[in-house]
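Visitor: This is the structure, below, for whatever I ask next.
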Amino acid sequence: MGNNDLSDGYKQTAAMLRRLVEQKTTRIKEIEVYEEDKGFERVLEIQDELSTLQADRRIINEMVADCEWTIEWLDSGRRPGNKRGIERRAAYQREKLMDPVRMQAYKSQSSAGSPANLSDWQRFQIEDALSRLSDRERECYVLAHGECFSFSEIAGMLGVSKGTVEVYVTRAQKKISDDLQSSLFLVG
């Protein structure tokens with residue numbers, strides 16, 4: 001199944017959802033006109049149906065928006081809303097602080113004939129970068145990038161909130177990025 005088939009499927013789904021929204025809107029208008037002519041007890045029943053229809057219409061409109069977003073992505077090949085593709089970003093936006101494979105090799109400290117093994121110099125560079133971090137920042141950073149745990153998993157292991165883990169990892173990344181500019185050991 002190619003992108004065109006997938007895009008066509010989303011377009012058909014979006015069209016079907018738009019027809020469903022039109023049906024809900026028509027029924028809502030009918031109920032609003034009908035509501036003015038009836039008594040109090042019937043009005044309560046009508047208002048329940050009206051609120052259900054409005055909630056349904058809102059959800060379906062969100063589904064239409066999701067389909068349109070996906071269609072735009074499939075047709076353009078780029079994430080909707082981005083002004084530039086990743087290939088046109090500035091160097092600081094594309095920068096990887098540390099190669100994830102190197103970080104994982106550092107953590108596993110394997111000595112087999114794997115291409116992911118680190119030289120002594122690469123191991124020294126990573127240790128130098130990590131030495132500038134606090135214990136908690138280092139722990140969170142190594143778990144996230146060396147062990148590939150999610151922030152939620154790290155938070156569970158350390159008994160802190162997911163947001164706290166994110167703050168520690170972000171702070172560690174900033175320190176490493178700043179060190180890349182000034183440390184002679186982290187060059188090359």
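Visitor: On the basis of being within 14 Å of K175 (Cβ to Cβ) and at pLDDT 60 or above, does L130 make the cut? Reasoning before the result, please.
Guide: On the way: within 14 Å of K175 (Cβ to Cβ): yes; at pLDDT 60 or above: yes.
In short, yes.
Visitor: Follow-up question, since we're still on this one. Of the residues in the stretch 124-162, how many are assigned to a helix (DSSP H, G or I), open to solvent by 50 Å² or more (accessible area, probe 1.4 Å) and touching a helix residue (DSSP H, G or I) at 6+ places or on another chain (Cβ under 6 Å)?
Guide: Of the stretch 124-162, the ones assigned to a helix (DSSP H, G or I) are 124-131, 135-146, 151-158, 162.
Checking which are open to solvent by 50 Å² or more (accessible area, probe 1.4 Å) leaves us with 124, 127, 131, 135-136, 138-139, 145, 151-153, 156-157, 162.
Those left that are additionally touching a helix residue (DSSP H, G or I) at 6+ places or on another chain (Cβ under 6 Å): 136, 138, 145, 151-152, 162.
So the count comes out to 6.
Visitor: Checking D56 against (1) among the acidic types (D, E); (2) farther than 18 Å from Y10 by Cα; (3) exposed (fewer than 12 other Cβ atoms within 10 Å of the Cβ); (4) modelled with pLDDT of 85 or more, which test does it fail?
Guide: (3)
Visitor: Can you pull out every residue in the stretch 163-174 that is surrounded by fewer than 19 Cβ atoms within 10 Å (Cβ to Cβ), closer than 21 Å to R132 by Cα and not aliphatic (A, V, I, L, M)?
Guide: T164, E166, T170, R171, Q173, K174
Visitor: Ok, one more. Given the criteria touching a helix residue (DSSP H, G or I) at 6+ places or on another chain (Cβ under 7 Å) and either at pLDDT below 90 or small (G, A, S) (or both), does L180 qualify?
Guide: Values: touching a helix residue (DSSP H, G or I) at 6+ places or on another chain (Cβ under 7 Å): no; either at pLDDT below 90 or small (G, A, S) (or both): yes.
Taking the combined requirement at face value, the residue does not satisfy it.
The values are calculated or read from the model by the stated rules, or taken from the named source; none is laboratory data. In this text the structure is predicted, and so the values were computed from the model without any measurement. We place every Cβ from the backbone using ideal geometry, glycine too, and count neighbours over all the protein chains shown. Note: areas computed on protein heavy atoms with side chains; ligands, DNA, RNA excluded. Shrake-Rupley method; radii C 1.70, N 1.55, O 1.52, S 1.80 Å.
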